Amino acid sequence: MTDVSRRRFLQTGAVTAATLPFLRALPAAAAGDDVLVAVNGQTINSLDLHRTGTNRPSYQVAINCYDRLVSFGTKPSSGGGLEFDYSKVEPELAESWTVSDDGLVLTFTLRDATFQDGSPVTAADVKWSFDRAVSLGGFPAVQMKAGGFTRPDQFAALDDKTFQITLDFPSKLAIPDLAVPIPFVINSKVAMANATADDPWATEYLHKNTIGSGAFKVARWTPGEQLVYERFDDWASGPTPAYKRVVIREVPSSATRRAVIERGDAQVSFNIPSKDALELSEKLEVNSTPIANCINCIGLNTNFAPFTDSDVRKAVAYAIPYESIFQVAAYGRGAPLWGEETERSDIAWPRKTGYYEDLDKAKEHLAKSGYPDGFEVPFSISLNQLDWMEPAALLIQESLAKIGITVTIDKIPGADWRTASLVEKRLAFHLEGFGGWLDTPDYYFFWAYKDGHLFNSSNYRNEEIETLVDTTLHIPVDDPAYTPNVKRMFEIALDELPRIPLWQPALNVALNGADDYEFWFHRQLDVRPIKPV
């Protein structure tokens, strides 16, 4: 352990009433079983997942307020409760579907359902929504592309209840990609009534309003403070939720969130720090679920010197105090991703790298680089993710100083983080946590290593990786080319090192008075199945 002790990061001290004025604004736990209060440390910045710059905490709105054609099933989770089952695709808005023998035509029959204004959901609404997802560009368009959906002419409303997709090629990801948050179904009539010539997809209107057929609608949203859901009693795509109203409070202080859940002023505390998960598990129900296809890592932006130099990237990799970071920032929860000692023949991902803490090796690589005397660089972290990013950054700062690299820590507001790190990709050196929604390694590489894709915050481009991902993404996992292609991706990425894996994280959720929490790949709170104890 270094001189930067665990206490420096994790000591919270006593939380007094003076530090908790927030509690007076919360509905009391005694309000009854109709209201669920959940607290979260992150900011919801839009109600429209298709909007450029919409951040990850906002994904929950698409889940709770809109329907998709299909969803994944669930299974018991090792972390407690239930979690999604990637191997099972189940009906949601579509009551049934067929796939042609050649895998190119997907035909969906819609159930009888209504939007929250009482109008019927039709295949024309589904087509308009899918057209929107592929036409707006950015994150939604690339996510749709992962399933082979790229153009409006692939989508057709055959009649009010029949929606059809025609693929250019068969893809193992086509049906699973319809279960992710992006292809949500919008009331096209209301949207078009609020569109303009400059905004044909009504992005300004949907930024502040929900117009879906899902289990809830947003009744009130005060950015930076709270979001209030109201139940839609005529929801047709699942069982009626237990709660009539759900209040999502944004509480930046982890100490305050802990006090709130311990007192019972909230029934759910979402994405709690690992320290709190460890300690609260002795008195409350805490679900701690490893996040599939997810890695907390260091991003080295290859558009910025000195990280254009591969020896600099390797010098940094060997200077990282991995074990200390894992214990201090993650409290040992999750899976280490460093120090692989033997060559592996499988294609499991995430996987350990061959890098480990070795300051002599770090100095050797720096000496071979174009920066033998070191350099100065800002290290960016998100104010919304300080619980793990700040302790990790401080330990990295301390260790890099030993090889001549001077780091200044740059804290970016959570509402701006996605734009800075992922949309503009302007952070030279930063921490990042990305989890692929679809659980295959080639899908992870599609998002995190392909040039221009959102979660490639390192601006990395390798021509062989480009070809390998394009060749591999849609073929079945039992195709003879699949395993060799994936292994080659691993080999290139872990040698060129635009991202330095640290650990595979877990998502921690505390419950006090609520039950039936489900973990989902999108890492956001699905309030639909939650019930009072």
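Okay, here's what the table says:
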| quantity | calculated |
| --- | --- |
| Cα gyration tensor of region 147-205 - equivalent ellipsoid semi-axes, whole Å, descending | 25, 14, 12 |
| Per-peptide average of other Cβ atoms within 10 Å, ordering 231-238, 514-521 highest first | 514-521, 231-238 |
| Reciprocal mean inverse distance between Cα atoms of region 294-504 - Kirkwood radius, Å | 17.3 |
| Residue-wise HN-Hα coupling along region 118-134, computed from phi with Karplus coefficients 6.51, -1.76, 1.60 (Hz; x: Gly, Pro) | x, 7, x, 7, 10, 4, 5, 5, 5, 4, 4, 5, 5, 4, 4, 4, 8 |
| Likely footprinting exposure, T302, T406, T74, T472, fewest C-beta neighbours within 10 Å first | T406, T74, T302, T472 |
| Kirkwood-based Rg to Rh ratio, region 186-242, C-alpha trace | 1.04 |
| Span from the region 201-264 Cα centroid across to the region 312-335 one, whole angstrom | 36 |
| Vicinal HN-Hα couplings computed from phi for region 434-447 (Karplus, 6.51 cos²θ - 1.76 cosθ + 1.60; Hz; Gly/Pro x) | 10, x, x, 5, 9, 8, 9, x, 5, 5, 4, 5, 4, 8 |
| Stokes-Einstein translational diffusion, region 432-533 - Kirkwood Rh over all Cα pairs, 1.002 mPa s, 20 °C, in µm²/s | 136 |
| Sequence-distant residues sharing a close amide H with D85 (under 5 Å, placed H) | G73, T74, K75 |
| Net charge, S310 excluded, C-beta distance under 9 Å - Lys, Arg +1, Asp, Glu -1 | -2 |
| Rounded to whole Hz, the Karplus (6.51, -1.76, 1.60) HN-Hα couplings of region 194-209, x for glycine and proline | 10, 8, 9, 4, 7, 9, x, 9, 6, 5, 5, 5, 6, 4, 10, 9 |
| Estimated translational D of region 129-276 in µm²/s (Stokes, Kirkwood radius over Cα pairs; 4 °C; 1.567 mPa s) | 71 |
| Kirkwood Rh in Å, taken over the chain so that all alpha-carbon pairs contribute | 24.1 |
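No value in this document is a laboratory result; all are computed from the given coordinates. Predicted model only: the values in this text are computed from it and were never measured. Positions of Cβ are backbone-derived with ideal geometry, glycine not excepted, and every protein chain shown enters the neighbour counts.
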